[in-house]
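S.K.: Once you've had a glance at the structure underneath, I'll fire off some questions.
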Amino acid sequence: MGKTISCSVLLALISCFYLLFATALDTITPSKSIKDPDVIISQNGVFRLGFFSLANSSNRYVGILYNQIPVQTVVWVANGNRPLKDSSGILNISDDGNLVVSNGKAEALWSSHVNNTAPNATTAQLLDSGNLVLSNGEDGASSLWESFEDPSNAFIETMKISTDVKTGRKVELKSWKSIDDPSDGNFSLSLEPFNSPEVIIRKNNQLYHRTGPWNGNSFIGLIDEYTAYLEGFDVVADNPQQAYYMTYDFSNDSMLIYIELDSQGKFIERKWDAGKGNWINKYSSYQTNCDVYGYCGAFGICDSSKRPICSCLKGFKPRNIEEWSRGNWSSGYFRTTPLQCQRDNNNGSGAGQGDDGFLEMKMMKVPAFPHPSSISNGQCKDQCMNMKNCSCVAYAHDDGIGCMLWSGDLIDVQKFSASGVDLYIRLPSSELDKGKSSKVIVITTVTAGIVAITISALFLWCGMAKQRGTNKRHKQIKHKSYSENVGESLIGVKLQQLPLFNFEELATATNNFHPKKKLGQGGFGPVYKGTLDDGKEIAVKRLSKASGQGLEEFMNEVVVMSKLQHRNLVRLFGCCVEAEEKILVYEFMPNKSLDAFLFG
């Protein structure tokens, strides 16, 4: 009996110890605090809460970090603006039930700042989601404060970035000042209910970047190739008068991803690469200067594929041409011709509004601050045209949003290479007619050019054909003139009875000018040895086509050589002129020494 009681008491003590130890692993209580360098770890070991330092800094901070990642990765910081200067820090639940970070002098550097009616029953638990929850045990463990509702620069799964329209309360990310300084930087990120919710990044409280409205599946101000990286994102806006919120939850549990608003204002999605042992960037909200809000000013278009990247909408001119020429486009553009409806309103007449029209611009990032409408796509144009006082200057339609109408300045318009929305800009008919007339001029010019080229080609072909006929006749005449010229020039030669050879006879004599019959080569052309049918040996000098010598030079040589008769000079027997062939026929002299010819 005694042994049984002893065993029961022992088991109870072990159970109590286990419960106390288990509680201490992931929970802070009024009697259980964390002192530097102690930590608490979430139930499955995903996250830890404790003290840490950053590279190049000796300051100490309290924060939440990934526990199973070898690279120190901070997802939340408590005292980023008031760091500890030594290792005397403590994180505990104070007497008023708040979670507090204090230094060795008991000075509070950070607090959860909640009103707690039961401070003695308060606990702070670190969940596997990365959320640190301060709750009151007396009223059913209701949440008093959560780190997810007071984030730093990181956005992790199941966390919500929200905006309450009624209360004006926002959950927003705040960038760090630098990679080694987690104090509040220049940028913040929030979800804004601009008639249609969209993500906004502000720089020093000024609008810096926008994603475009949410259409139920994606933000239409992002290119398709980037929205693919945002799989798992969702925006919930059931009641436009209540709270909006954005969250993400990936279906692939094996993929570890977190998102950070960095010190440069980029919203960067990072994925853990176990093979590389580091985080790799999957997506960044900021790609070019076109992603900076209003970079090209009012009524400007930004196109990163062009230089300069800013230009004005059709029918507009720069407000400040000097600034514009220097590459500062922020002053925007003005309309060169008033809308017809504006002129009618100034004249006190409501007629003539139909004289305005719309210019279609495809694949665009729509301007900021649209006014959504539930009407069908086919009625967007009519609604924009019929709005009072010319207030509607553009419209667009998206299946998930419906009609979007704009009044006032059109700001943050961007040309996409893919995706985007078709945007319709209101212009007076005179500006639209310019486009049509320009198109007609271009078409007419191109058509006239094609006709002119065709006619020119026809004339050229006819001319070439005529020229070919003329050349043929000239060639025939030329060949004839060769014979005539030869006949005329050989009057003196005939006196000495210089014979004319035909080409076939000479070709036979030289075995068709065979290389073995070749005696040598001169500037005039090659010389071949030949044997006539009667056995007489001759030297045949054939004019080379590349020699540059013409008929005149050839005939000069014939005349001169026919008149020179000397026992010590080679004799010219005759010549041949047929077609383009010009040949001289000489006496063949065997290869001997000069004195043999001179002295016998």
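S.K.: Once phi is turned into ³J(HN,Hα) by the Karplus curve 6.51 cos²θ - 1.76 cosθ + 1.60 with θ = phi - 60°, what whole-Hz value does each residue of the range 527-535 show in order, with x for glycine and proline?
M.R.: Calculated HN-Hα couplings, in order: 10, 10, 8, x, 10, 6, 4, 7, x Hz.
S.K.: At q = 0.20, 0.28 Å⁻¹, what log₁₀ I(q)/I(0) does a Debye calculation on the Cα points of the range 118-179 give, no solvent, two decimals?
M.R.: Rounded to two decimals, the profile gives -0.88, -1.12.
S.K.: log10 I(q)/I(0), Debye, Cα-only the range 38-183, no solvent, q = 0.16 Å⁻¹?
M.R.: Evaluating at q = 0.16 Å⁻¹ gives log10 I(q)/I(0) of -0.91.
S.K.: Identify all aspartates and glutamates with a Cα-Cα distance to residue 529 below 17 Å; exclude those on the same chain that are fewer than 8 residues away in sequence.
M.R.: Straight-distance partners of residue 529: 504, 505, 537, 587.
S.K.: Follow-up question, since we're still on this one. What are the aspartates and glutamates whose alpha-carbon lies under 19 Å from the alpha-carbon of residue 105, with same-chain residues fewer than 8 places away excluded?
M.R.: Qualifying aspartates and glutamates at Cα under 19 Å: 36, 38, 86, 95, 96.
S.K.: Going through the cross-link list 160/271; 35/203; 518/582; 203/271; 35/160; 317/381, which pairs have a Cα-Cα distance over 28 Å in this structure?
M.R.: Numbers: 160/271 19 Å; 35/203 36 Å; 518/582 17 Å; 203/271 26 Å; 35/160 30 Å; 317/381 25 Å.
Going by Cα-Cα distance, 35/203; 35/160 fall outside the 28 Å limit.
S.K.: Just to compare against my own numbers: the Cα pair-distance distribution for the range 148-304, 10 Å bins, whole % per bin, please.
M.R.: P(r) over the range 148-304, rounded to whole percents: 10, 39, 38, 12, 1.
S.K.: Within 10 Å, Cβ to Cβ, of residue 541, how many net charges do the neighbouring residues add up to if Lys/Arg are +1 and Asp/Glu are -1? Present the calculation step by step, with values, prior to reporting the outcome.
M.R.: Values: positive: 542, 582; negative: 557.
Cβ neighbours under 10 Å give a net charge of +1.
S.K.: What list of ³J(HN,Hα) values in whole Hz, one per residue of the range 143-156 in order, does the Karplus curve 6.51 cos²θ - 1.76 cosθ + 1.60 (θ = phi - 60°) give from phi, with Gly and Pro shown as x?
M.R.: 6, 9, 7, 9, 5, 4, 8, 9, x, 9, 9, 10, 10, 10
S.K.: Pick out, from 112, 30, 53, the residue whose Cα sits farthest towards the positive end of the charge dipole of the range 21-150, with +1 on the Cβ of Lys and Arg and -1 on the Cβ of Asp and Glu.
M.R.: Projecting each Cα onto the dipole axis, the largest value belongs to 53.
S.K.: Mind listing the phi-derived Karplus ³J(HN,Hα) values for the range 64-72, rounded to whole Hz, using 6.51, -1.76 and 1.60 with θ = phi - 60°, and x for any glycine or proline?
M.R.: 10, 10, 5, 8, 9, 9, x, 8, 4
S.K.: Place a label point 7 angstrom from the Cα of residue 128 along the Cα-to-Cβ direction, then list the residues of the range 38-53 whose backbone nitrogen is under 20 Å away.
M.R.: 40-50
S.K.: Here's something else I'd like to know. Assuming R0 = 56 Å, can you tell me the calculated FRET efficiency for the pair residue 114 and residue 382, based on Cβ-Cβ distance, to the nearest 0.05?
M.R.: 0.60
S.K.: Report, in debye and to the nearest 20, how large the dipole of the range 21-150 comes out about its Cα centre when Lys and Arg carry +1 and Asp and Glu carry -1 on their Cβ.
M.R.: Details: 7 positive and 13 negative charges, 103 e Å.
Using Cβ point charges on Lys, Arg, Asp and Glu, the range 21-150 gives about 500 debye.
Rule-based calculations on the coordinates, nothing more; no lab input. As the structure is a computational prediction, the values presented were derived from the model and not from experiment. So basically every Cβ, Gly included, is an ideal-geometry build from the backbone, and we count neighbours across all protein chains shown.
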